[in-house]
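The values are calculated or read from the model by the stated rules, or taken from the named source; none is laboratory data. Since we're looking at a predicted model, the values are computed, not measured. FYI the Cβ positions are ideal-geometry reconstructions off the backbone, even for glycines, and counts take in every protein chain you see.
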Amino acid sequence: MNTGNNDNKRHWENIYETKGEKELSWFQPYPDTSVEFLGLFKLPLTAHIIDIGGGDSHLVDVLLDKGYQNVWVLDISANAIERVKKRLGERAGKVHWIVSDITEFEPPVQFDFWHDRAAFHFLTSEEKINKYVSIAENAIKQNGYLVLGTFSEQGPRKCSGLEIKQYSETSMSARFEVAFKRIKCTETAHPTPFGTIQNFLFCAFQKK
């Protein structure tokens, strides 16, 4: 892991060690938009589903509630994953947990559904963006799905003290057009626990 990635990991370990979930701007008690996109694809319960940058998101709870049997959660922060495990209790044993920087991820399987809400937009260099796209291209099965949520062009320019990269439907699609076809994009207004609004763009793609 290079120095930049070490600094990044320390940043996120500190965030999840010092802040409760309702002190984080991205907290959602229920991931409505993500679940709506999941419902579009009618995946079998045996599908391999991964949540990238899952942190202590509640998407994993919903996936288990729905009966999915091959759920994976990746986050750079071990503290974040430990928090989810505690929340899930015995159900945590049903999930594959991965502590890794996404740009260093070596997928052990190919995925039917790759979900990322608010991890991709923290990649601001061309090198890291291209690395992410390459990993996703190789990790997602043919005809599998990618659902990506980032700040829109009307959203914040920073998050958690870090610069982010905003996306439009056009700019996001351009990043993935080689291996994926776009299915649908939608903008959403996320109410933070602090009473503010963050504008997100979600797009769904299918692997060619």
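In table form, for the structure just shown:
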{"read-out": "Residue in region 128-145 that is among the polar types (S, T, N, Q), in contact with a strand residue (DSSP E or B) (Cβ under 7 Å, 6 or more places away or on another chain) and under 28 Å from Lys85 (Cα atoms) present", "value": "no"}
{"read-out": "Some residue of region 108-125 being within 20 Å of Lys19 (Cβ to Cβ), among the acidic types (Asp, Glu), in contact (Cβ under 8 Å) with a residue 12 or more places away in the chain and surrounded by 22 or more Cβ atoms within 10 Å (Cβ to Cβ)", "value": "no"}
{"read-out": "Criterion violated by Thr188 - all others in (1) among the polar types (S, T, N, Q); (2) more than 30 Å from Leu45 (Cα to Cα); (3) modelled with pLDDT under 95 satisfied", "value": "(2)"}
{"read-out": "Criterion: surrounded by 12 or more Cβ atoms within 10 Å (Cβ to Cβ) and either closer than 20 Å to Thr186 by Cβ or at pLDDT 95 or above (or both) - qualifying residue of Lys19, Lys66, Lys9", "value": "Lys66"}
